[in-house]
Structures are given as structure tokens and as C-alpha cells.
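Rule-based calculations on the coordinates, nothing more; no lab input. Every value quoted in this text rests on a predicted model; they were computed, and no experiment measured them. Heads up, the Cβs are rebuilt from the backbone with ideal geometry, glycines too, and the neighbour counts pull from every protein chain shown.
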Number of protein chains: 2
Amino acid sequence: MTERFYIPELVTLSETGGEHAELTITGPEAHHIRNVLRLQTGDAIELFDGHGRFCSAILRTLSRKSVVVSVGTIDLSPPPNRKITLAVAFPKGDRAKMLVEKVTELGVTSLVALKTERSVAHPDRKKCEKLFQTSIAACKQSGRNRLLDFQPVQSLDDLLANLPDETRLILGDPAGESSEGIVASVGQHSLLVVVGPEGGFSPAERSRILDAGAIPIRIGTHILRIETAAIALAAFFAD
Amino acid sequence: MTERFYIPELVTLSETGGEHAELTITGPEAHHIRNVLRLQTGDAIELFDGHGRFCSAILRTLSRKSVVVSVGTIDLSPPPNRKITLAVAFPKGDRAKMLVEKVTELGVTSLVALKTERSVAHPDRKKCEKLFQTSIAACKQSGRNRLLDFQPVQSLDDLLANLPDETRLILGDPAGESSEGIVASVGQHSLLVVVGPEGGFSPAERSRILDAGAIPIRIGTHILRIETAAIALAAFFAD
């Protein structure tokens, strides 16, 4: 696959009629092009702005701090058919990174770090920034043109209080129903999928989620780790 | 959750009417009980034999090289409703380990390391043994009582030539149909799910798989890494 780079400036170029123009890339993406991948003048690459715009580009000149490219026609990826928000009591370390990478590939729209009674890890600002970089890398690699909307730590009560209309609530739940048939029943509705911490939601939390109208579903018959449940549910509802 | 240990000897105990007897555990599981988890006399644990048998046990005596337990009633987990074999052109390193852990949790019955034209990694005997240990750890952690049947490297031709009757063949395929509705159509049939290497199967390989009757399906709209595709398909068909 053609190497892809995240260039937010593409939107300005698009709005000012600057297509088929030249664009100067600086910062980490210029470093990636020149020093990591060692691309050369004349090489073709792909650019995306994280909001759906993408285009082909050709490397023109590479200097120590910047890369100039000729930009082709800017296209717009369609938005996803089904908007999926995944709210997860985050696991620690590499498991958090894996979770973000995989759900980005699988097309989850928004990811919320959920604070629960039994949560052990609440990613701080620095950690969130690192995880966001992981999701950008996954967008580059997987051909995804719209960034994952990664939201800071939110409490379960805030999450449930702000449930948008027309959104179906799904609870990953070992005691839930088999997942078969659920996909058809949710149709093209937006989904909010909630995954609890190791050890599960407390009984009070579980009641609040079910009272808010959640459909409890299980994937398989074993006890899934947090990141496995999150990835499995993302795969299950991927459109 | 109660800590669980993989004790193949349970089958002998079960067959010789030795239930409610004492059992001596040695080797790595004894080490895990005594030195890693530092469990004590009187602690309750769970044992499983990897073929579906499982029971509660109480620690009686702990010595330098062995642990003696009192064994409770031995039960048998039901076999899975749907047998899933996953044949994957393995990724490298940590991604292989993650793949094995996650598909074990999700209940995949058998995992085949697939050799394809564009495969980059063929796990050797030592690597396979390590990955098998990863799957045992995932069984312990997830409450799974039947081990993952992990099969050594097999060619695509051998795999297709030995396709059992009544098995539905599924191809993970970015150009395939959306996965919705597929689960209902495969019912309780056994499945052989095939996932190609980074860069995909060669056109000739893809034709051979489709000629063998495979249903090509995609999960989401982006390009998935090998392990993401394997985990996503395992989640999708998990029963």
C-alpha cells in the first residue's frame, strides 16, 4: 500500500481552492517521510486530514526540516454508516495501546476512557496524547481517513446522562444474551457500547446501565479481558 | 476469579475413580502456585485438564518441589456449539502472541499457522511451543476448560485438500461482502476461517480458496492487520 501521512493542513488547501498546488510538510510527518521511510523525490504518497479528506501527492523536494509535495485532487471519504462510540474502563500499558490500535482499524468513531468504581487505570493527559498518536498511526496504516475521536476520562453517570437520542446502548456483559441476531436489530442506529473493568461493573453500576435501556450481550462463553471485549464488540458491530 | 491451573493428570484421576482424592502437582504449575501467587494451605483453586474436565481443589501441603491438593467433584464443560478452525498466515513477534491470546479467549477451537506465497513468518517448533504456552495462560485466565488445538505450519493446498465435510469455508477478504447476515446463514456448522498475510493472498491463492467454496467477508471498511482480522473474525463467529 502507498504510505500515508496525516496532514491536517489539507483542509485549508481544500477550502482555498489550492488543489493541484504545492504543500510544505514539516514536523514529525516530514521526519517520517525523509528519515524513517527514506522516500525520494518523485515517490508517490497519500495524504489525509483526519476529517475525511484525502489525496495523492508526489514528493518534489526534501530538505532537512521540510518536504514539499505536489498535491492531486482532494476527495472526501463517506462518513461511516453506523456511528459507534465505545466507552471502556481502560486496561493498563500495552493492552491500552493494543485496544486503541485495533478499534481504530475496526472503524469505531469515538472512544471514551470510562471511570468506574473498579477501574484501575485512568489515562492521564500525557498517556491520552500517546494513545491518540497510536490511533493516528493506525489510521495511516489502515487507510482510515477520519480520526478516532478520543475523549478524556468520563464518569459512568456523565456518560449515561448525556446519551444522545436515537442511540442504542449496548453493554458488554458475560451474563448477557448471545450476540447473534443483535446486529440486525440495531440496524443503522448510532451505538454506545460500554465495557467495564476487570472484575466487571459493580451491581449498582450494572443496574444503572440496564435502567438506561442497555441491551446486555456477551461474545463467546469465556471471561474476556477488557481489551478483548472492546475489540470483539467493535468487530461485531463494524459496518 | 479463583486462580486456575492446567493439570492434565486430572483425566487419570477422573478415569480411575479418584475423585475427592489427593493430587500432587509438580513442575511449572506448582511453581506458579507457590512462588508466583504465593498461595497458602487452605486456599481454594480451580483445576482443568484441557479436555473439558474441571474441579475445585483446596491446597493441603506446599513443599519446595510440589503442592498437594484435595480434589472436589470433577465436572465436564460442554463442547462448543460451533467448531471454529482459524488458519492464519502468522504475523511476527508480539502480534502473534496477541493473536493467540485473544482467539483463545474468544473460543476458537483450532488454530493453524498457514504458509502462503507472501507469508513472512513461519513459527518454528520453539516459537510454536511458546505460543502454545500463551494459549494455556489464556485458558487459565478466561475460564476456558478445553485447550486451543494449535497446529504446526500447514500449506494452503494441504489445508484445502483436507477440508472436512459439512464445514463452511470463510475467507477474510477486504473485497468481500459485509459480514452482516453471515452468522445466521452459517448456523451451527463447523467453520474454517482463513486469513491471509499482510499484502493478502496472491490472486492464484485467492482463486483456489474461492473455488473451494469460500464465502468472502469483510469486517469494517479499513485494511486490517493480520491479527486484527483474525481476532475480528473469531469475535464475529464466537458462539
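At a glance:
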read-out: For chain A, built as a Gaussian network whose Cα springs stay under 10 Å, the top-fluctuating residue of A:Lys92, A:Lys115, A:Lys102; value: A:Lys92
read-out: Choice from B:Leu47, B:Leu159, B:Leu99 with maximal GNM fluctuation in chain B (Cα, 10 Å cutoff); value: B:Leu159
read-out: Average beta-carbon neighbours from other chains, 10 Å sphere, peptide A:93-106; value: 3
read-out: Computed magnitude of the charge dipole of segment B:4-76 (debye, nearest 20; Cβ of K, R +1, Cβ of D, E -1); value: 420
read-out: Average other protein chain Cβ within 10 Å of Cβ, residues A:213-225; value: 5
read-out: Calculated FRET value between B:Ser178 and B:Lys130, using beta carbons and R₀ = 35 Å, to 0.05; value: 0.45
read-out: Cα-projected label distance for A:Asp43 with A:Asn81, points at 7 Å along beta-carbon direction, nm; value: 3.6
read-out: Residues in segment A:195-239 that a label on A:Val120 would reach, taking backbone N under 15 Å of a point 7 Å out along Cα→Cβ; value: A:196-201, A:224-228
read-out: Gaussian network model of chain A, springs between alpha carbon atoms under 10 Å - residue of A:Ser202, A:Ser56, A:Ser185 with greatest fluctuation; value: A:Ser185
read-out: Translational diffusion coefficient (Stokes-Einstein; Kirkwood radius from C-alpha pairs) of the protein assembly as shown at 37 °C, 0.692 mPa s, in µm²/s; value: 135
read-out: Shielding of B:197-203 by partner chains, average beta-carbon count, 10 Å; value: 0
read-out: Part-to-part distance (alpha-carbon centres) for segment B:16-56 and segment B:205-239, which is given in Å; value: 38
read-out: Fraction of alpha-carbon pairs over 21 Å apart in segment B:112-195 - percent; value: 48
read-out: Rg(Cα) / (2.2 N^0.38 Å) computed for segment A:26-145, rounded to two decimals; value: 1.26
